[in-house]
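Bear in mind these aren't lab numbers, they're just calculated from the coordinates by the rules spelled out. Note that the coordinates shown come from a computational prediction; the quantities given were computed from them, not determined experimentally. Cβ placement follows ideal geometry from the backbone for every residue including glycine, while neighbour counts extend to all protein chains displayed.
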Amino acid sequence: MIALDASALLAFLFREAGHERVESVIDTACISTVNLAEVVGRFTRDGHEALDVLRHISSTSIEIVPFTAADAALTAALLPRTHRFGLSLGDRACLSLALARDIPAFTADRAWKHLGVGVEVQVIR
């Protein structure tokens, strides 16, 4: 199992550099609803209907993981250790999912390689 950052799923969906790495693990992927909101938001910015995008992603094998109060606390706890890297709430939500499940996180953000927060990070490009 792997946790997808929004950047990794978007690279896969848009067939951008690194999409092959995501494709090779997509059947064992999960994504936080926070990161899902980022992905759906990217498509709505381009004029797509949010519910249509959500239905499409929901029809795949990707497990959509609700963001709970416990996830919020773990995500917030990562802030002091990730602040200097400029990570967003979505970035930290992905990392907290990976931490909670003890699984690797897939991202297109190279800065994650230097985090040292106890998560195996796979940079896709």
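What value, in deg cm²/dmol to 500, does the helix sum -39500 (n - 2.57) over DSSP H runs of n ≥ 4 give at 222 nm once divided by the residues of the chain?
Values: 7 runs with 61 residues, N = 125.
The helix contribution divided over the chain gives -13500 deg cm²/dmol.
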**Request:** Neighbouring Cβ atoms within 10 Å as the yardstick, rank Thr44, Thr75 fewest first.
**Result:** Thr44, Thr75
**Residue among Ala70, Gly47, Thr60 farthest towards the positive dipole end of the range 43-82, charges placed on Cβ** = Ala70
**Complete:** Scoring only Lys, Arg, Asp and Glu (+1, +1, -1, -1) among other residues with Cβ under 15 Å from the Cβ of Met1 yields -4
**Request:** Could you work out the relative contact order of the chain, using alpha carbon pairs under 8 angstrom and six or more residues apart, expressed as a whole percent?
**Result:** 34 percent
**Request:** Report, to the nearest 10°, how far helix 33-45 tilts away from the longest principal axis of the Cα atoms in the chain, using its own Cα long axis and a range of 0 to 90°.
**Result:** 40 degrees
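Please state, as a whole number in µm²/s, the translational diffusion coefficient that the Stokes-Einstein equation yields for the range 1-69 at 10 °C and 1.306 mPa s, with Rh defined as the Kirkwood radius across alpha carbon pairs. Walk me through the numbers before you get to the answer.
Working: Rh = 12.1 Å.
D = 131 µm²/s.
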**Prompt:** What nm distance separates the two modelled labels at Glu120 and Ser61, each placed 7 Å from Cα along Cα→Cβ?
**Reply:** 1.8 nm
**Prompt:** Roughly what would the spin-label model give for Ala77 and Ala111, points 7 Å off Cα along C-beta, in nm?
**Reply:** 2.3 nm
**Asked** How far, in degrees from 0 to 90, does helix 89-101 lean away from the longest principal axis of the Cα atoms of the chain, to the nearest 10?
**Response** 80 degrees
**Prompt:** What is the diffusion coefficient of the chain in µm²/s, taking the Kirkwood radius over Cα pairs and the Stokes-Einstein relation at 25 °C with a viscosity of 0.890 mPa s?
**Reply:** 170 µm²/s
**Prompt:** What is the spin-label model distance, in nm, from Thr28 to Arg84 if the labels are put 7 Å beyond Cα along the C-beta direction?
**Reply:** 3.3 nm
**Request:** May I ask you to evaluate 6.51 cos²θ - 1.76 cosθ + 1.60, the Karplus curve with θ = phi - 60°, for each residue of the range 108-125 and list the ³J(HN,Hα) values in order in whole Hz, giving x for glycine and proline?
**Result:** 9, 8, 5, 4, 4, 4, 9, 6, x, 10, x, 10, 6, 10, 10, 8, 7, 8
